[in-house]
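Everything on this sheet refers to the single structure shown next.
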Amino acid sequence: MKYRAEIDGLRAIAVIPVVFYHAGFDVLKGGFVGVDIFFVISGYLITTIIKTELDEDRFSLVQFYERRARRILPALFLVILVALPLAWIWLPPRAMEEFLQSIFSVSLFSSNIFFWQESGYFDTATELKPLLHTWTLAIEEQYYILFPLFLMFMKPFGTRKTFIVLVVALVMSLGLAQWGSSAKPVATFYLLPTRAWELAIGSLVAFQLMYSSWTPSRMVSQGASLAGFALIVFSVFAYSADTPYPSLYTVAPTLGTALVILFARPGTWVKALLSLKVLVGIGLISYSAYLWHQPLLVFARYQFAIEGPSMFVMASLAILTFILAYLSWKYVETPFRNRALYSRGQVFRASAAGIAACMSLGIVGMATNGKLLQPDATTYHVELLDYNPDNRTLQEATWDPPAGPKRRPALSRRQQSIRQDALVRSR
């Protein structure tokens, strides 16, 4: 597969808003759309790789999952390993129990299901979950389990029919997301059936670039890539936690990403921008940056539990995120991708050991209810955070589609009752 520097630049455009959004910078109130950009990129890259190898009759599921293990697990295990002692110092028992349970779910790539069962994404409690962001990894890995099997099954039917089935699946998934954004907002946010269409967009982009003979003119490429980039920028600055998500609103950043991948060709301004060395460099370390940012920001909120961390502290941690990301990319990610250093057997054995260790930690958390003899001197100041609100009820009651930019629709009597009950229980 030919390397495209602008894809790494696009990763940078995805990860920077995510990090600073979670750090509390209101100017990037729609920074969460960076996740959607990642989904489209992942769908495009994985489909290109699998289809190329299938067409050449050399695709192997074992080799595919070996690549995924080399790509995902080493940095993930490192971040969990570093987060453990910090969690022991700062997290109160109930939060510690949930943290260890989340490690268990991460090891099985089901953390999206775990956090769906626990709470919503935009409520206050989500700012105190060190591994909340791993729900996106779970979505991708679940997709990667099913999608290669789908492409293998569809190979005898040809590319055209595969493309049509993908389009139908995309429309169904998007329709489900639009319905669920108001009917079942928390489940819609976290679960694969309402997120699959975003990865499918990337897959369709891969089909277009691989099998279409159409070559757009420079003017078309220039205009379409600029339009795509504009859609991404618009989403980052215009969307907010009140935006029903995912839904038809999500079409803007995902379509924008698709247009950039399709039309950011040599000679276009968008390709020149995204190919800048600084953006490509950030894109290369974007996976590690995504892994590091959430634990750092969460532990800061526990450390400054009473007064809250200052924006200077959060900005500093956002910058530290990229420093740690570079180090883990250079000394962990890159070496483990080198087959000359680590064989397939070594990678699978290390992966199995890491997964077993994570599962064991989850079992310990459940067996002890998170009471692991944390030092009182380091946990007394976060006791106010050790409560058990009914996050699901509160989330369902407050996550309504906005009626417009300045006002929201009035709540029904039932919604008012649910909200009041949830608020009372959270006190």
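In degrees between 0 and 90, to the nearest 10, how far off the longest principal axis of the chain does helix 61-90 point, with axes built from Cα atoms?
The answer is roughly 20 degrees.
Which angle from 0 to 90°, rounded to the nearest 10, does the C-alpha axis of helix 218-238 make with the longest principal axis of the chain?
For 218-238 against the chain, the angle is about 10 degrees.
What is the spin-label model distance, in nm, from Ala238 to Lys184 if the labels are put 7 Å beyond Cα along the C-beta direction?
3.0
Let's see if you can work this out: charge +1 on each Lys and Arg Cβ, -1 on each Asp and Glu Cβ, no other charges. What is the dipole magnitude of the stretch 304-375 about its Cα centre, in debye to the nearest 20?
Values: 6 positive and 2 negative charges, 92 e Å.
It works out to roughly 440 debye.
Within the set of other residues whose C-beta is less than 11 Å from the C-beta of Tyr190, count the net charge using Lys and Arg as +1 and Asp and Glu as -1.
Details: positive: Lys184, Arg195; negative: Glu118.
Result for the local shell: +1.
For the chain, build the charge dipole from Cβ charges (+1 Lys, Arg; -1 Asp, Glu) around the Cα centre, then report which of Thr194, Val165, Ile319 sits farthest towards its positive end.
The listed residue farthest towards the positive side: Val165.
Mind checking the angle between helix 286-303 and the chain's longest principal axis? C-alpha axes, 0 to 90 degrees, to the nearest 10.
Once rounded, one gets 10 degrees.
In whole angstrom, and with the biggest value first, how far do the Cα coordinates of the chain range along each principal axis?
Dimensions of the chain along the principal axes of its Cα atoms: 65, 56, 41 Å.
For the chain, what is the calculated [θ] at 222 nm in deg cm²/dmol (nearest 500), taking -39500 (n - 2.57) for each run of four or more DSSP H residues and dividing by its residue count?
After summing the helix terms and dividing by residue count, I get -23000 deg cm²/dmol.
Based on the Cβ-Cβ distance of Ala272 and Gln303, what FRET efficiency does E = 1/(1 + (r/R0)^6) give at R0 = 51 Å, to the nearest 0.05?
So, using R0 = 51 Å, E works out to roughly 0.75.
Given the peptides 290-298, 185-193, 306-314, arrange them by the average over their residues of other C-beta atoms within 10 Å, most packed first.
290-298, 185-193, 306-314
Just check the stretch 1-110 against the gyration tensor rule for me: Cα atoms, a ≥ b ≥ c as the square roots of the eigenvalues, rounded for a/c under 1.5, and otherwise prolate or oblate depending on whether a/b exceeds b/c.
Because a/c hits 1.5 or more and a/b fails to exceed b/c, the stretch 1-110 counts as oblate.
Would you kindly work out the equivalent ellipsoid of the stretch 53-106 from its C-alpha gyration tensor and give its semi-axes, the square roots of five times the eigenvalues, largest first in whole Å?
Value: 37, 11, 5 Å, ordered largest first.
State the answer as a single residue: which of Ile72, Ala227, Ser110 lies farthest towards the positive end of the charge dipole of the chain, with beta carbon charges of +1 for Lys and Arg and -1 for Asp and Glu, about the Cα centre.
Among Ile72, Ala227, Ser110, the one farthest towards the positive end of the dipole of the chain is Ala227.
Can you compute the charge dipole magnitude of the chain about its Cα centre, using +1 on each Lys and Arg Cβ and -1 on each Asp and Glu Cβ, nothing else charged? Give it in debye, rounded to the nearest 20.
In debye, rounded to 20, the chain gives about 1000.
Would you mind calculating the relative contact order of the chain from Cα pairs under 8 angstrom and at least 6 residues apart, reporting the percent as a whole number?
Relative contact order here is 31 percent.
Going from the alpha-carbon gyration tensor of the stretch 242-308, what semi-axes, largest first and in whole Å, does one get by taking the root of 5 times each eigenvalue?
32, 20, 9
Counting Lys and Arg as +1 and Asp and Glu as -1, each charge on the Cβ, what is the dipole of the stretch 131-224 about the Cα centre in debye, to the nearest 20? Please list the in-between numbers first.
Values: 6 positive and 3 negative charges, 58 e Å.
Value, rounded to 20: 280 debye.
Net charge within 13 Å of Pro17 by Cβ-Cβ distance, Lys/Arg positive one each and Asp/Glu negative one each, not counting Pro17 itself?
0
Can you give the extra length, in nm with one decimal, that the chain gains between Met359 and Arg94 once fully stretched, where that is 0.36 nm per residue apart less the Cα-Cα distance?
93.6 nm
Report the label-to-label distance for Ser212 and Asn338 in nanometres (one decimal), using points 7 Å from each Cα along the Cα→Cβ vector.
Going from the Ser212 label point to the Asn338 one covers 4.0 nm.
Which loop GluC sites (Glu not before Pro) in the stretch 3-95, with loop taken from DSSP, have no more than 16 other Cβ atoms within 10 angstrom of their Cβ?
Answer by residue number: Glu56.
Between their Cα atoms, which of Lys184/Lys371; Lys29/Lys371; Lys29/Lys184; Lys161/Lys184; Lys51/Lys277; Lys161/Lys271 are more than 27 Å away from each other?
Check vs 27 Å cut-off fails for Lys184/Lys371; Lys29/Lys371; Lys161/Lys184; Lys51/Lys277; Lys161/Lys271.
Any read-out appearing in this document is the output of simple, stated calculations on the displayed coordinates, not a laboratory observation. The structure displayed is predicted, hence computed values, not measured ones. Quick reminder, even Gly has a Cβ in these numbers, built from the backbone with ideal geometry, and neighbours come from all protein chains shown.
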